[in-house]
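Here's the structure, in structure tokens; my notes come after.
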Amino acid sequence: MSDSTLRRFGVSMDESLLAQFDELIKEKGYENRSEAVRDLVRNALVNQSWEDDEQDVAGSILLFYDHHQTDVMQELTSIQHDMHHAILATTHFHLDHHNCLELIVVKGKAKELRGFSDQMISMKGVKYGKFTVAPVK
């Protein structure tokens, strides 16, 4: 980014919130507050953009589940087959005798992928799920 496109603006913040923010900046390894604020703004814009149901997005669905739970693997596979057109790749990890971690890379319309991920994340036997996306431009 060239200096000619940079614009400065001021931000007022409670002293204790600023101290917490500075600690976060230090932990994450940002060079300065500006870099951290830019990342926060980018993240907020990405989150906002995928709220548009027709926005094309790409991302991942992370599922952590007990494969001994009644029919969980069969149901997950069935749901994924119904959405094969949106799935770019899947990776399945056996974490221990009971627990599996599955990563599904997806691309499609935000609304469709949100419904797809919600359907799997809310299944009985899924202990944790997370859907992350970014707009495709």
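For the stretch 77-95, the count of residues that are at pLDDT below 90 and open to solvent by 80 Å² or more (accessible area, probe 1.4 Å) is zero. Taking only pairs six or more apart or across chains, which ones have beta-carbon atoms under 7 Å, a first residue in the stretch 117-128 that is basic (K, R), and a second residue that is assigned to a loop (DSSP other than H, G, I, E, B)? If the second residue must be assigned to a loop (DSSP other than H, G, I, E, B), the pairs left are K124/Q69. Taken across the stretch 111-132, residues that are part of a strand (DSSP E or B) and acidic (D, E) do not occur at all. Taken over the stretch 81-110, the criterion of being over 16 Å from G125 (Cα atoms) and in a loop (DSSP other than H, G, I, E, B) is satisfied by M83 alone. Every test in (1) of a type in the set (F, W, Y); (2) surrounded by 13 or more Cβ atoms within 10 Å (Cβ to Cβ); (3) more than 22 Å from V133 (Cβ to Cβ) is passed by Y65 save one, and that test is (3). The single condition from (1) open to solvent by 70 Å² or more (accessible area, probe 1.4 Å); (2) more than 27 Å from V133 (Cβ to Cβ); (3) hydrophobic (A, V, I, L, M, F, W, C); (4) in a helix (DSSP H, G or I) that A19 fails is (1).
The values are calculated or read from the model by the stated rules, or taken from the named source; none is laboratory data. Keep in mind it's a predicted model, so treat the numbers as computed, not measured. Cβ sites come from the backbone with ideal geometry, for glycine too, and all protein chains shown count toward neighbours. Note: areas computed on protein heavy atoms with side chains; ligands, DNA, RNA excluded. Shrake-Rupley method; radii C 1.70, N 1.55, O 1.52, S 1.80 Å.
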